[in-house]
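The values are calculated or read from the model by the stated rules, or taken from the named source; none is laboratory data. Bear in mind the structure is a predicted one, so any value in this text is a computation, not a measurement. Neighbour counts are summed over all protein chains in view; Cβ atoms, including those assigned to glycine, are modelled from backbone coordinates with ideal geometry.
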Amino acid sequence: MSKPKLFLLLISASLVFDGCFSGLKRLKVVDFTDKRISDLVLTKKVVGKKNFLFFSATKTGIFLEGNIQGTVTDYYENPIEGVTVKAVADTSKGSGGGIGMGEFEAIEENARSFINFSFTPGISDTQGQYKIHFSLPVVDGIVDVKGKLIYNPGWSQQKANLGKAYEPQIKESRFRLYYNMDSGFLAFAEGPRPLIVQPVGKGEGRLKKLPGSEAPKTLSPATLPAEKKKEKSPGVEDLFKGFDFGQ
């Protein structure tokens, strides 16, 4: 085959290939997340390029974008502002929840760094609500990501530096986010539980103590009966002291 014919053939193949991504499929969602996932959209991104004989063509992929949302409160359900929540995906690829690289084998190696799980940490607002923005690749019509949520990850260092911080009741928890583009099935396995924090330590400056309440304190069962016994003993002695029972 002559070079001009080969050139025209490669151009035609590139146009057909790019035409597959000319329009995104309508986003269909059957939500089983109890509103933990919001603001879903499908986007196209350039994930690399492939070099042909006389030219190079860009490679695009479909990504699912949206937010993981939740609430941060103290132990008495008062909203707490300024607490960071971070999502970290598992690094394993291929089968088992990661992204399979077979579809991108023709992409240059230096472009593969763009095909990753992207999470932007969320910070709770005045209502105690946070949103973690994500951008996840759709592989074979499916998004299946496993990872963990980390609650206020720098609280111990913040306490050491500033003398005050919000210590989370739960330091981290596992999650799984699954979406099927054909059926619209959307699931998030971490569950709709609020994040509870308590202020610890004393700081310097305008706020000597962070807003919010500490965890409820309970009395030790071993000391509680002894204290009640001390209170009741004098009362029993005074009540019968003046009576003569025939002795």
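Descriptive notes on the structure:
- Qualifying positions in region 40-57 - in a strand (DSSP E or B) and in contact (Cβ under 8 Å) with a residue 40 or more places away in the chain: L40, L42, T43, K45, V46, V47, G48, K49, K50, N51, A57
- Some residue of region 184-195 being more than 30 Å from K28 (Cβ to Cβ), at pLDDT below 90 and surrounded by 15 or more Cβ atoms within 10 Å (Cβ to Cβ): yes
- Meets criteria (over 18 Å from G203 (Cβ atoms) and modelled with pLDDT of 95 or more) for F134: yes
- The residue that is nearest to the chain's Cα centre (by Cα), among those in region 125-151 that are under 25 Å from K44 (Cβ atoms) and among the aliphatic types (A, V, I, L, M), is I132.
- All positions within region 112-166 that are over 30 Å from D182 (Cβ atoms) and part of a helix (DSSP H, G or I): W155, S156, Q157, Q158, K159, A160, N161, L162
- G61 buried (at least 18 other Cβ atoms within 10 Å of the Cβ) and farther than 30 Å from E167 by Cβ: yes
- Contacts under 8 angstrom Cβ, first residue in region 164-175 being in contact (Cβ under 8 Å) with a residue 12 or more places away in the chain, partner part of a loop (DSSP other than H, G, I, E, B) and of a type in the set (D, E), 6 or more apart: S173/E190; R174/E190; F175/E190
- Hits in region 157-201 (condition: within 13 Å of the chain's Cα centre (by Cα) and over 15 Å from V72 (Cβ atoms)): R174, F175, R176, L177, F188, A189, G191
This table checks each residue for (1) modelled with pLDDT of 95 or more; (2) over 21 Å from Q129 (Cβ atoms); (3) touching a strand residue (DSSP E or B) at 6+ places or on another chain (Cβ under 6 Å).
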site: G141; (1), (2), (3): no, yes, no
site: G154; (1), (2), (3): no, no, no
site: N161; (1), (2), (3): no, yes, no
site: R174; (1), (2), (3): no, yes, yes
